[in-house]
Amino acid sequence: MSGPPPLPRAIAGIAIPQDDVSAKTWRWAQRALPEYLLTHSVRAYYWGAAIATGEGWTFDHQILWTASLMHDYALTRVQRNTMCFEVESAEIARRFLERAGLDPDSAERAAIAIILHMRAGVTLADGVESVLLDRATGLDVRGDGYELVDAVRSTVMKEYPRGPFDRHFLNAIKREVAVRPTCQSNRLLNDNDLAGWMARSPWRAERPARGGRNGHH
């Protein structure tokens, strides 16, 4: 039986950080995340990095990579959570990253990015990684800013295709709203009409990618 795939080095010219913390987070994600969230999380990193290139922003690759991989983890355990999923994910990420050897300031920046990816009005004053994760997740979930990743989209999608992401993600958000209706997920689902936005998304027009990561479907 083969083990988890090794830490990727780069796709579409976008490098993956190769430090120990990034590698540990990758191995954790392989064990902890269902396929639809794993591929979404990796795509979020690539979209964020591509957006940064387009904007001319510098950012901490390690923080964006680890925050991207961990930002939705608590959607897998809605019934056990004691807080809204983005806050729960942030606290789990902070503890994990510090144990893995990340300095507390960087772990805090990753945690803040995770919390803010579900909030409105994120700005550079909140940290460049927070803006990138917010914009990247909006792009991957709803197609908001789809054209910003034209240069890398086909290559990334070939490696990390969407599959049934829309259906699984929408159901996960609905599960949280049913349990915690005061969370930001309720705003996303109902005020922002998540289902309608996803149905109109440019991702729906894409042909399903063939191939992708072997052994993970």
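Each residue, A120 and Q79, gets one label point 7 Å from its Cα in the Cβ direction; the gap between the two is 3.3 nm.
Of Y46, Y36, Y73, the residue with the greatest mean-square motion in the GNM of the chain, using alpha carbon springs below 10 Å, is Y36.
With helices as the sole contributors, the chain gives -17500 deg cm²/dmol at 222 nm; each DSSP H run of n ≥ 4 counts as -39500 (n - 2.57), and the sum is divided by every residue. A crude spin-label estimate for the pair T53 and R31, with each label 7 Å from Cα along the Cβ direction, gives 3.3 nm.
Can you classify the range 86-195 as rounded, prolate or oblate using the Cα gyration tensor, where a ≥ b ≥ c are the square roots of its eigenvalues, rounded means a/c under 1.5, and otherwise it's prolate if a/b beats b/c and oblate if not?
Judged from the Cα gyration tensor, the range 86-195 comes out oblate (a/c at least 1.5, b/c at or above a/b).
Taking a label point 7 Å from the Cα of E98 along the Cα→Cβ vector, which residues of the range 5-34 have an amide N closer than 11 Å to it? Counting only backbone N, you get no residues.
Compared with the alpha-carbon gap, the fully stretched path from K174 to D191 is longer by 4.8 nm at 0.36 nm per residue. Computed from label points 7 Å out along Cα-Cβ, the spacing between Q18 and S154 is 2.9 nm.
Mean projected area of the convex hull spanned by the Cα atoms of the chain, taken over all viewing directions: 11.6 nm². Springs join every pair of Cα atoms under 10 Å in this Gaussian network model of the chain, and among H71, H117, H168 the largest mean-square fluctuation is at H168. Qualifying trypsin sites (Lys or Arg not before Pro) in the range 11-88, where qualification requires a DSSP coil assignment and no more than 13 other C-beta atoms within 10 Å, comprise R80.
Values quoted throughout were computed directly from the atomic coordinates according to the rules given, and no laboratory measurement underlies them. Every value quoted in this text rests on a predicted model; they were computed, and no experiment measured them. Methodologically, a virtual Cβ is constructed for each residue, glycine included, from the backbone with ideal geometry; neighbour enumeration extends over all protein chains shown.
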